[in-house]
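Down below is the structure, laid out as structure tokens.
The values are calculated or read from the model by the stated rules, or taken from the named source; none is laboratory data. Just so it is clear, the model here is predicted, and its values are computed rather than measured. Don't worry about glycine lacking a Cβ; one is built from the backbone with ideal geometry, like all the others, and counts go over all protein chains shown. Calculation scope for accessible area: heavy atoms of the full protein, side chains included, ligands and nucleic acids excluded. Shrake-Rupley method; radii C 1.70, N 1.55, O 1.52, S 1.80 Å.
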Amino acid sequence: MPFLNWLKRHLVVIAGLLTLAYLLLPNVIVTVFSFNKPKGRFNYEWQRFSTDAWQDPCGVADMCGSLSLSLRIAACATVGATVLGTMISFALVRYRFRARGAVNSMIFLPMAMPEVVMAASLLTLFLNMGARLGFWTILIAHIMFCLSFVVTAVKARVMSMDPRLEEAARDLYAGPVQTFWRVTLPIAAPGIAAGALLSFALSFDDFIITNFNAGSTVTFPMFVWGSAQRGTPVQINVIGTAMFLLAVLFVLFAMVLGNRRNKQKA
């Protein structure tokens with residue numbers, strides 16, 4: 001039958017589109033309800049269309065303050081985890097040292113360990129050290145669990161690098177610093193960028209580890225969780241939609257930039 005033949009030829013594409021639609025469905029719902037005007041405190045049922053929340057996204061007390069805090073923590077954690085993770089990746093790939101295998105295995109423990117276990121362990125560590133829970137304890141915790149993801153992304157890229165390119169640069173009298181900036185870093189940059197973006201997303205979105213080690217500090221995920229107990233303001237949907245659109249625009253910009261570079265090389 002023609003229909004069955006067509007279905008067989010396009011089965012993979014249809015399955016992919018259905019999966020993509022399933023993944024994007026929560027974002028669509030969040031976007032739609034960012035234009036809702038609920039009658040009560042909870043934004044769970046559609047009432048009528050309104051742009052009031054978009055006109056005043058900071059209309060809810062302390063929401064933008066917690067959002068700003070989460071963005072600062074995510075940015076600092078991204079920088080710290082990316083720098084440390086990149087150096088660790090190069091060390092694990094390029095150098096041989098004692099306990100290299102053990103370090104290589106232990107660096108991935110945070111990815112396999114349940115978040116609640118890591119959160120409780122870090123809380124115990126901070127309390128025994130007499131540290132004051134707040135911004136810095138959250139930042140240290142975020143760098144710790146983001147580190148594994150950066151190492152995974154950068155290490156895969158470094159392992160795929162052709163060492164002959166660096167040897168060719170040295171043959172052309174390039175120094176170690178010049179070779180690193182002109183050859184090594186540009187090749188490793190996609191892996192570093194992927195690790196940095198993943199770190200930012202994980203840090204900004206984290207709740208469990210943050211909740212254990214925040215003290216009286218309130219990040220945006222903690223604010224959302226607290227608001228869900230009292231009433232969900234529409235502004236939360238506005239912030240979620242804005243973050244999603246920014247991520248989509250960033251990905252599209254990277255794709256366009258990559259296509260232009262490929263055309264120039266061709």
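Confirm whether Ile208 is over 21 Å from Val83 (Cα atoms) and either open to solvent by 30 Å² or more (accessible area, probe 1.4 Å) or not hydrophobic (A, V, I, L, M, F, W, C) (or both). Steps first, answer last, please.
Details: over 21 Å from Val83 (Cα atoms): yes; either open to solvent by 30 Å² or more (accessible area, probe 1.4 Å) or not hydrophobic (A, V, I, L, M, F, W, C) (or both): yes.
When the stated conditions are applied, Ile208 passes them.
Please verify whether region 198-211 includes one or more residues that are modelled with pLDDT of 85 or more, among the polar types (S, T, N, Q) and touching a His at 6+ places or on another chain (Cβ under 6 Å). Don't jump to the end; show me each part of the working.
Going residue by residue through region 198-211, those that are modelled with pLDDT of 85 or more are 198-211.
If we keep only those that are among the polar types (S, T, N, Q) too, we end up with 199, 203, 210-211.
Next cut, touching a His at 6+ places or on another chain (Cβ under 6 Å) only: 203.
Yes, some residue in region 198-211 is modelled with pLDDT of 85 or more, among the polar types (S, T, N, Q) and touching a His at 6+ places or on another chain (Cβ under 6 Å).
Which of the numbered conditions does Leu139 fail, given that it passes all the others? Conditions: (1) more than 29 Å from Gly226 (Cα to Cα); (2) open to solvent by less than 20 Å² (accessible area, probe 1.4 Å); (3) under 22 Å from the mean Cα position of the chain (by Cα).
(1)
Does region 138-155 contain at least one residue that is of a type in the set (D, E, K, R) and in a helix (DSSP H, G or I)?
From region 138-155, those of a type in the set (D, E, K, R) are 155; that's our starting set.
Imposing the further condition that a residue be in a helix (DSSP H, G or I) reduces the set to 155.
Checked against the condition, which is being of a type in the set (D, E, K, R) and in a helix (DSSP H, G or I), region 138-155 yields at least one hit.
Given the conditions (1) outside any helix (DSSP H, G or I); (2) within 30 Å of Thr51 (Cα to Cα), report the number of the one that Ser216 does not fulfil.
If we test Ser216 against (1) outside any helix (DSSP H, G or I); (2) within 30 Å of Thr51 (Cα to Cα), just (2) comes out false.
Any idea how many residues of region 200-248 are without any contact (Cβ under 8 Å) to a residue 12 or more places away in the chain and either in contact with a strand residue (DSSP E or B) (Cβ under 9 Å, 6 or more places away or on another chain) or charged (D, E, K, R) (or both)?
0
Any chance you could count how many residues in region 221-232 are out of contact with any Lys or Arg (no Cβ under 8 Å at 6 or more places or on another chain) and crowded, with 17+ Cβ neighbours inside 10 Å?
So the answer is 5.
Give Leu257, Leu249, Leu245, Leu198 a once-over and let me know the one that is within 24 Å of Val151 (Cβ to Cβ) and surrounded by fewer than 21 Cβ atoms within 10 Å (Cβ to Cβ). Don't jump to the end; show me each part of the working.
Values: Leu257 fails: within 24 Å of Val151 (Cβ to Cβ); Leu249 fails: within 24 Å of Val151 (Cβ to Cβ); Leu245 fails: within 24 Å of Val151 (Cβ to Cβ).
So the residue among Leu257, Leu249, Leu245, Leu198 that is within 24 Å of Val151 (Cβ to Cβ) and surrounded by fewer than 21 Cβ atoms within 10 Å (Cβ to Cβ) is Leu198.
Quick check on my filter: what residues within region 81-106 are in contact with a Ser or Thr (Cβ under 9 Å, 6 or more places away or on another chain) and farther than 17 Å from Ala194 by Cβ?
Passing the criteria: none in range.
Identify, from the list Thr179, Thr210, Thr184, the residue that is more than 13 Å from the chain's Cα centre (by Cα), polar (S, T, N, Q), closer than 26 Å to Met118 by Cα and part of a helix (DSSP H, G or I).
Criteria check complete, one pass: Thr210.
Scan region 15-32 for residues that are over 13 Å from Ala242 (Cα atoms) and touching a residue at least 40 places away in the same chain (Cβ under 8 Å) and report the count.
0
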